[in-house]
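Only one structure is covered here, and it is reproduced in the block below.
The values are calculated or read from the model by the stated rules, or taken from the named source; none is laboratory data. From a predicted model like this one, the values you see are computed outputs, not experimental measurements. Because the Cβ atoms are built from the backbone with ideal geometry, glycine has one as well, and the counts that use them run over all protein chains shown.
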Amino acid sequence: MTQFSYQATKNDGSKVTGQVEATDRSSAVKLIVKQQLKPFLVEEVKERNTLSFISNKKVKSDQIVIFTRELSAMVSAGVPLLRALTSLQSHTESQALKTVLESVIRDVESGSPLGDSLEKFPGTFSSVYINMVRAGEAAGILDEILKRLAMQQEKNATIRKKIKSAMTYPMVLIGITILAFFGLMLFVIPQIGKIIKDLGGPDAELPSLTVMMLGISGFMIQFWYIIIPLVVVGIIFLLRWLRTPNGKLILHTVMLRIPGIKTVVTKIAIARFARTFSALIGAGVAVLEALEVTAHSLGNVVYEKALLDAIPEVQNGKMLSAVISTNPLFPAIVPQMLSVGEETGQTDTVLVKVADFYEEEVDVAIEGLSSIIEPVMIVVMGGMVGLIAASVMLPIANLSQTIKS
């Protein structure tokens, strides 16, 4: 008997995880279904060596795109799957991917389906990827599914790169601002404060702004060994908390309420939904399973919950377009286009057009957000420098007035 871990949903849409013992994956799925659960991820529990674990974490998305595209071309050309995998494994320049493919090849040689072999590396191959490969194997159209996957991977990678590129400059400005603040408060303000006191004498009355800045500077110099660890620990704690379900929910909810950011987040989520759902439906995956997998691949908890909440209604006979039409998270064009696809039986084709449209809109939205962030950060930096300059110039102006009188 083999141990299988699973992720599933109850009838009320809540998510559960657990483990079952079965002879194979199909038997494990049947056991889970008997518990009145709907599994969307079932994988064999195996001991992994350190090398495999490390390689699983280091395979880059670009390498997966190239692997998928090459595997698709070779399978389409009639090359047997095992031979194609062996060839790609021997020629790949990524040591991490090479290690992953070694395990996949061993499993395929022993008779395991490709989808089950890939499922052992969830950090490398997403649930969408695995489910589409399984659907392609079951329908005998693996080459066509791999083409769809390669295209989807490329689109996702392009969006990620654009987001990173757009956020690089603001993050650099934020880093410079923080460093400049600490540098001024720790090194510049104390020296200027000393000069002012030397000129005005110990009894000189300083403006409240100057007193406040000197107080902050003195506090930071005196307790730097407490402040720096607290800041570091606070950042680590915040980053870890943002990875928790509650942290993600609060962060994503807040992002959907901030003008500018809301537009980008919405368009990215809709583009991913349309692209992923259309790919799964086109691959022959059942609607409910496609919704389940799509929900967990959006990268936004708010949209994930919206799709998971839609599953029971779709299961009860409602059209997906009718369900999401009442949800303000989805722009009106999405349920309208989806309704057309449902009526004509071309849901995947229609959603591809929706995905293309919103991916183009993502470019425009990111450029707009970048154009807003840049002047805002410049104003913040200018305000900080201006505040410090004012705290220095005010006492100097007061001293010059005293000397004149």
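Points worth noting:
- Contact annotation: residue pairs with Cβ atoms under 8 Å, 6 or more positions apart or on different chains, pairing a residue in region 258-275 that is farther than 18 Å from Thr347 by Cβ with a partner that is among the charged types (D, E, K, R), are Lys267/Glu361.
- Odd one out for Ser76, checked against (1) surrounded by fewer than 16 Cβ atoms within 10 Å (Cβ to Cβ); (2) over 22 Å from Met151 (Cα atoms): (2)
- Selected residue (criterion: nearest to Leu387 (Cα to Cα)) from residues of region 206-237 that are without any contact (Cβ under 8 Å) to a residue 12 or more places away in the chain and of a type in the set (Ser, Thr, Tyr): Ser208
- Count of region 5-44 residues which are more than 30 Å from the chain's Cα centre (by Cα) and among the basic types (Lys, Arg): 2
- Test for Arg275: is it within 28 Å of Ile333 (Cα to Cα), part of a helix (DSSP H, G or I) and either assigned by TED's automatic domain parsing to the domain that holds Ile366 or in contact with a helix residue (DSSP H, G or I) (Cβ under 9 Å, 6 or more places away or on another chain) (or both): yes
- Test: residue in region 53-62 that is modelled with pLDDT under 50, more than 24 Å from Asp12 (Cβ to Cβ), among the β-branched types (Val, Ile, Thr) and in the same structural domain as Leu97 (by TED's automatic domain parsing): yes
- Filtering region 341-361 to residues that are among the polar types (S, T, N, Q) and either farther than 17 Å from Gln152 by Cα or surrounded by 15 or more Cβ atoms within 10 Å (Cβ to Cβ) (or both) leaves Thr344, Gln346, Thr347.
- Leu369 meets the stated requirement of being surrounded by 12 or more Cβ atoms within 10 Å (Cβ to Cβ), under 26 Å from Lys162 (Cα atoms) and not charged (D, E, K, R).
- Residue that is farthest from Gly13 (Cα to Cα), among those in region 256-296 that are surrounded by 21 or more Cβ atoms within 10 Å (Cβ to Cβ) and charged (D, E, K, R): Lys267
- Residues that are under 23 Å from the mean Cα position of the chain (by Cα) and not hydrophobic (A, V, I, L, M, F, W, C), drawn from region 319-352: Asn327, Pro328, Pro331
- Meets criteria (part of a helix (DSSP H, G or I) and farther than 30 Å from Gly183 by Cα) for Ser297: no
- Among the conditions (1) at pLDDT below 80; (2) over 30 Å from Pro312 (Cα atoms); (3) hydrophobic (A, V, I, L, M, F, W, C), the only one that Phe67 does not satisfy is (1).
- Residue selected from region 117-149 under the condition part of a loop (DSSP other than H, G, I, E, B) and not aromatic (Phe, Trp, Tyr), by the criterion nearest to Ala96 (Cα to Cα): Thr124
- Residue list for region 300-319, filter: on the phi < 0 side of the Ramachandran plot, not in a helix (DSSP H, G or I) and not aliphatic (A, V, I, L, M): Asn300, Asn316, Lys318
- Val293 vs. criteria under 21 Å from the mean Cα position of the chain (by Cα) and either modelled with pLDDT of 90 or more or closer than 19 Å to Glu342 by Cα (or both): no
- One residue stands out among those in region 30-42 that are at pLDDT below 80 and buried (at least 18 other Cβ atoms within 10 Å of the Cβ): the one that is nearest to Ala8 (Cα to Cα), which is Phe40.
- Condition met for Glu102 (touching a residue at least 60 places away in the same chain (Cβ under 8 Å), of a type in the set (D, E, K, R) and farther than 24 Å from Val265 by Cα): no
- Odd one out for Met185, checked against (1) in the same structural domain as Ala77 (by TED's automatic domain parsing); (2) part of a helix (DSSP H, G or I): (1)
- Filter pass, Met384 being in contact with an Asp or Glu (Cβ under 6 Å, 6 or more places away or on another chain), in the same structural domain as Lys162 (by TED's automatic domain parsing) and surrounded by fewer than 18 Cβ atoms within 10 Å (Cβ to Cβ): no
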